[in-house]
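Below is one structure, written out as structure tokens; the observations come after it.
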Amino acid sequence: MADWGMLAQENLGAAGELLRSGRFRSSVSRAYYAAFSAAALELEAVRTTFPRDWDGPAHASVPKLIERRLTHLPASRRHDAKRSMRLLYNARLGADYMPWQHFERKDASEALKHATLVFRRLEVKL
């Protein structure tokens, strides 16, 4: 049975594979979902209440939840994770819902860098 940690790892790996194969749009999308899953794992660990009938947080709420619920982490780590989550979320919206938006290797590479930073700042194993 999958859990948030497994989804985080799987999607981080997929983002890297998609980047290497030149599928930049899909890599950006998977990088976001890897970071989202890592955040959901940590939020679940501190018994965060998610929206009714949801098994995870609302996507747009993740940065605020990181700030408010992961107080065991230093403020600088939370700040970095929130910033990266915001950047990844906006990139993911473009990747998934704006077919006219163009993605290049540097975009996917940057998204993967931010996803990895979220893992590190939230202390999720890579």
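The values are calculated or read from the model by the stated rules, or taken from the named source; none is laboratory data. Bear in mind that the values here come from a model prediction, so they are computed numbers and not experimental data. Note that each Cβ is placed from the backbone with ideal geometry, even for glycine, and that neighbours are counted across all protein chains shown. Just the protein is used for accessible areas: all its heavy atoms, side chains included, with ligands, DNA and RNA removed. Shrake-Rupley method; radii C 1.70, N 1.55, O 1.52, S 1.80 Å.
I'm checking my understanding of the structure. Among residues of region 74-90 that are within 11 Å of the chain's Cα centre (by Cα) and touching a residue at least 40 places away in the same chain (Cβ under 8 Å), which one is most open to solvent (accessible area, probe 1.4 Å)?
TYR89
Does region 3-50 hold any residues that are free of Cβ contacts under 8 Å to residues at least 60 places away in the same chain, open to solvent by less than 60 Å² (accessible area, probe 1.4 Å) and either more than 19 Å from GLU123 (Cα to Cα) or β-branched (Val, Ile, Thr) (or both), and which are they?
The answer is ALA14, VAL46, THR48, PHE50.
List every residue pair whose Cβ atoms sit under 7 Å apart, with the two residues 6 or more apart in sequence or on different chains, where the first one lies in region 101-126 and is outside any helix (DSSP H, G or I) and the second, anywhere, is charged (D, E, K, R) and buried (at least 16 other Cβ atoms within 10 Å of the Cβ).
Hits for this filter: PHE103/ARG25; LEU122/GLU42; VAL124/GLU42.
Residue by residue through region 51-70, note down the ones that are aliphatic (A, V, I, L, M) and either in contact with a strand residue (DSSP E or B) (Cβ under 8 Å, 6 or more places away or on another chain) or surrounded by fewer than 18 Cβ atoms within 10 Å (Cβ to Cβ) (or both).
Within region 51-70, ALA58, ALA60 meet the criteria.
Does TRP54 satisfy the criteria of being more than 23 Å from GLN9 (Cβ to Cβ), over 10 Å from the mean Cα position of the chain (by Cα) and not small (Gly, Ala, Ser)?
In short, no.
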